[in-house]
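K.L.:
My structure is below; once you've seen it, I'll send some questions.
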Amino acid sequence: MALQARIEVEDVSVLFPLYHGSSRSLKKMVVAAASGRLGKDQQQRVVVRALQNVNLRLSSGDRLGLVGTNGAGKTTLLRVLAGVYEPVAGRLRVQGSLNALLDPSLGMNAELTGRENILLRGLYNGLPRSMLPRLEEDVAEFAGLADFIDLPVRIYSAGMVIRLGFALATAIRPQILLMDEWFLAGDAVFMEKARQRLEEMVRGAEILVLSTHQMSVVREWCTRVVWLEQGRVRADGAPEEVLPQYLGTPLEMA
Amino acid sequence: MSTAVTTLAPAASLDLKADMSVASRHSLAVDDLVRGFGLWRLAWTLGWLDIRLRYRGSMLGPFWLTISTGVMVGALGVLYSTLFKMDVASYLPFLALSQVLWGFLGALVSEACTSFTEAENVIRSVRMPFFVYSVRTLIRNIIVLAHNILVILVVFAWFRAWPGWDLLLAIPGMLIWIADALALTLLLGAFCARFRDIQPIVNSVMQIMFFVTPVIWKPEQLGAAGMAKLPLNPFFDLLEIVRGPLLDTGVSGMTWLGALGYSAALCSIAWAFFVRARGRITFWI
């Protein structure tokens, strides 16, 4: 790798305007503009403050765990780091190849065969054509679909779909790995195999950012913990400092 | 340790600021375009899969399009050549060409509205150039057009209306179409993501334009005074720069001027809007 992986988040805020509410339709905008209420309307629009003034610096070797209750902004922060949501305030700088494991079925199409889905994922990741056979072999072997690989995903069992999704998501090795907690769920037999593969990938990544409710995973994998509460960083430090504080709060159900 | 994880993700870097200057917004939009072109293989595969999945399980697949266009052209051709008291040999090639080209234009404009909203899941979970979805919409419609071209070929062969080397004169027009199509998907894709009631408006406008533009009727039927005003209609200009050379009826200077002017306007508006809206599209869909 030429450059060391690095993430800098400076004073980032993300707001979600709720377009589905009132200001969505053009008619209302035009009517509001015509009656001179546009400015007022815009200020009164319902906004969810998903992240507020978040500061974060990660460099090669960091293993960060994001903790917080549901709706604290963990997934939003992962999406910001992945470049999906562009900040409305502040600055984000990311250096290094990145793979975000956010959506288990990303780009998967149930009508296509397993093999076609693998190739499609390779294309989504912008892999050169020469890498595609290797990707196919790797995913097919790990997912253990045997003859099902050439049948449409629609007829797969739920377990097979999870295996394929997992194998696909973990097949491409990045410098920066962002991971949402769904990744740690799965059936027991598969879990051990999955865990090995995931650990390998985590070890291979220079930076890991993991969002989870499972404290055992944080203790095992992370060297640093950020506690998010209502879109703000409540605490940031070593797991042994932050976790007791976090678990000590009465609201937490761990 | 096994060799399970082998494939390396391509290197990348990202620098996003809120309150960006116009110049940096510009360079991010240019970057979107360049990387979008770089992913042409993905766009091609997605466009092609769209068609394949749309006709999944049907025996003839997308050739159903060819058949329905063929039947429509045949029926309308006989009916209107009688109504308009025109020679079938001159009317049918005109109708086949116009109908197929308009079919492409109409579907493209309509599908441009959903080019981003249909990719909602992917847009929300991975950073991708938005231009990929534009190219995908264009490719999907070009594939449909390619199937419908068969109808034109059959009709032209039947009436021996083959344009010969004049065919090449349609190429500049087609290039303008491609540029306009991409601009339109960026503009309408983003605009319709923000305002959900644009698409029905666009669809009804296109329906009106179909009747106002000489698609099933010939421009000559308007008479000299009417024909002089036709270049004001952007759809006429665009249709004519491809249709004229193929029918060997020539393209007037005014028509070319109109086509170039309207296209330049469309591309600049689309670009200006895309530069402003690009970072917000994810929040809109």
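Bear in mind that the values in this text are calculations on the coordinates, not laboratory data. Since this is a predicted model, take the numbers as computed values, not measurements. Every residue, glycine as well, gets a Cβ built from its backbone with ideal geometry; the counts of neighbours run over all protein chains shown.
K.L.:
By per-residue mean of other Cβ atoms within 10 Å, what is the highest-first order of B:111-121, B:67-77? Show your work: numbers first, answer last.
P.N.:
Details: B:111-121: 20.6, B:67-77: 16.4.
In decreasing order of mean packing, B:111-121, B:67-77 become B:111-121, B:67-77.
K.L.:
Let me ask something else about it. Distance from the Cα centre of the stretch A:203-245 to that of the stretch B:143-162, in angstrom?
P.N.:
64 Å
K.L.:
With r defined as the distance between the Cβ atoms of B:Leu14 and A:Glu240 and R0 fixed at 41 Å, what FRET efficiency is calculated, to the nearest 0.05?
P.N.:
That gives a FRET efficiency of 0.80.
K.L.:
Neighbour counts of other C-beta atoms within 10 Å: give me B:His26, B:His147 arranged from fewest to most. Mind showing how you got there, number by number?
P.N.:
Values: B:His26 13, B:His147 18.
So the ranking, lowest neighbour count to highest, is B:His26, B:His147.
K.L.:
Follow-up. Counting pairs of alpha carbon atoms under 8 Å apart in space and at least six apart in sequence, what relative contact order in percent does chain B give?
P.N.:
Details: 270 pairs, mean separation 71.6, N = 285.
Across chain B, relative contact order equals 25 percent.
K.L.:
What value, in deg cm²/dmol to 500, does the helix sum -39500 (n - 2.57) over DSSP H runs of n ≥ 4 give at 222 nm once divided by the residues of chain B? Intermediate values should be presented prior to the final figure.
P.N.:
Numbers: 12 runs with 201 residues, N = 285.
When only DSSP H runs of four or more count, the value is -23500 deg cm²/dmol.
K.L.:
Could you sort the peptides B:128-136, B:226-234 by per-residue average Cβ neighbour count (10 Å cutoff), highest mean leading? Could the numbers behind the result be given before it?
P.N.:
Details: B:128-136: 24.6, B:226-234: 15.3.
The densest-packed peptide leads the list: B:128-136, B:226-234.
K.L.:
I've got another one for you. Which semi-axes, in whole Å and largest first, does the equivalent ellipsoid of the protein assembly as shown have when worked out from the alpha carbon gyration tensor as the square roots of 5 times its eigenvalues?
P.N.:
Details: eigenvalues 510, 163, 72 Å².
Whole-Å semi-axes of the equivalent ellipsoid: 51, 29, 19.
K.L.:
Quick one: if you stick a label point 7 Å off each Cα along the C-beta vector at B:Ser58 and B:Ile178, how many nm between them?
P.N.:
According to this spin-label approximation, the distance is 2.8 nm.
K.L.:
When N counts the residues of the stretch B:5-78, how does its alpha-carbon radius of gyration compare numerically with 2.2 N^0.38 Å, as a ratio? If you can, show how the numbers build up before the last one.
P.N.:
Values: Rg = 21.8 Å, N = 74, 2.2 N^0.38 = 11.3 Å.
Here the Cα radius of gyration is 1.93 times the empirical estimate.
K.L.:
When only alpha-carbon atoms count, how far does the stretch B:28-157 stretch along each of its three principal axes, as whole angstroms with the largest first?
P.N.:
On the principal axes, the stretch B:28-157 reaches 57, 34, 24 Å in Cα extent.
K.L.:
Per-residue HN-Hα couplings for the stretch A:51-57, Karplus 6.51 cos²θ - 1.76 cosθ + 1.60 at θ = phi - 60°, whole Hz, x for Gly and Pro?
P.N.:
9, 10, 6, 8, 10, 7, 10
K.L.:
Separate question: Working from Cα positions, state the angle (0 to 90°, nearest 10) between the long axis of helix B:40-54 and the longest principal axis of chain B.
P.N.:
For B:40-54 against chain B, the angle is about 60 degrees.
K.L.:
Pairs of Cα atoms under 8 Å, at least six residues apart: use those to get the relative contact order of the stretch A:110-230, whole percent. Spell out each step's value before the answer.
P.N.:
Working: 101 pairs, mean separation 28.7, N = 121.
Dividing the mean separation by the residue count of the stretch A:110-230 yields 24 percent.
K.L.:
What nm value, rounded to one decimal, do you get for the distance between B:Val88 and B:Ala224 when each label is placed 7 Å out toward the C-beta?
P.N.:
3.4 nm
K.L.:
Using +1 at the Cβ of each Lys and Arg and -1 at the Cβ of each Asp and Glu in the protein assembly as shown, identify which of B:Pro200, A:Leu123, B:Leu95 lies farthest towards the dipole's positive end.
P.N.:
B:Pro200
K.L.:
Counting DSSP beta bridges with both partners in the protein assembly as shown, what percentage is antiparallel, nearest 5?
P.N.:
Details: 26 of 44 bridges.
If we restrict to bridges inside the protein assembly as shown, about 60 percent are antiparallel.
K.L.:
Given charges of +1 on the Cβ of Lys and Arg and -1 on the Cβ of Asp and Glu, with all other atoms neutral, how large is the dipole of the protein assembly as shown about its Cα centre, in debye to the nearest 20?
P.N.:
Working: 50 positive and 44 negative charges, 201 e Å.
In total the dipole reaches around 960 debye.
K.L.:
Right, next: Convex hull over the Cα atoms of the stretch B:39-284, averaged projected area in nm²? List each step's numbers first, then the result.
P.N.:
Details: hull surface 56.7 nm².
Computed as one quarter of the Cα hull surface, the answer is 14.2 nm².
K.L.:
Can you pull the three principal axis extents for the Cα set of the stretch A:101-254, in Å, largest first?
P.N.:
The Cα atoms of the stretch A:101-254 stretch 51, 31, 27 Å along the principal axes, largest first.
K.L.:
Then there is this: Work out the length of the dipole vector of the stretch B:39-284 about its Cα centre, built from +1 on the beta-carbon of each Lys and Arg and -1 on the beta-carbon of each Asp and Glu, and round it to the nearest 20 debye. Don't jump to the answer; show the numbers that get you there.
P.N.:
Values: 18 positive and 12 negative charges, 170 e Å.
Using Cβ point charges on Lys, Arg, Asp and Glu, the stretch B:39-284 gives about 820 debye.
K.L.:
Pop a pseudo-label 7 angstrom from the Cα along the beta-carbon direction at both A:Arg232 and B:Arg276 and give the gap in nm to one decimal.
P.N.:
For A:Arg232 paired with B:Arg276, the spin-label model returns 3.4 nm.
K.L.:
Pull out the extension gain between B:Phe210 and B:Met72, defined as 0.36 nm times the separation in residues minus the alpha carbon to alpha carbon distance; nm, one decimal.
P.N.:
Details: separation 138, 0.36 × 138 = 49.68 nm, distance 1.52 nm.
So the extension gain works out to 48.2 nm.
K.L.:
Which whole number gives the average count of other chain Cβ atoms within 10 Å of the Cβ atoms across peptide B:120-131? Numbers along the way, then the final one.
P.N.:
Details: counts 0, 5, 4, 1, 6, 13, 13, 9, 5, 1, 0, 0.
Rounded to a whole number, the mean comes out at 5.
K.L.:
How long are the three semi-axes of the equivalent ellipsoid of the stretch B:83-198, in whole Å, if each is the root of 5 times an eigenvalue of the C-alpha gyration tensor, listed from largest down?
P.N.:
Values: eigenvalues 243, 45, 26 Å².
They are 35, 15, 11 Å, listed largest first.
K.L.:
Now a separate question. Run through all the Cα pairs of the stretch A:105-171 and give the fraction in each 10 Å bin from 0, expressed as whole percent.
P.N.:
Going from the shortest bin to the longest, the percentages are 24, 62, 14, 0.
K.L.:
With all distinct Cα pairs included, what does the Kirkwood hydrodynamic radius of the stretch B:184-269 come out to in Å, to one decimal, could you say?
P.N.:
Details: mean 1/r = 0.0700 Å⁻¹.
Across the stretch B:184-269, the inverse of the average 1/r is 14.3 Å.
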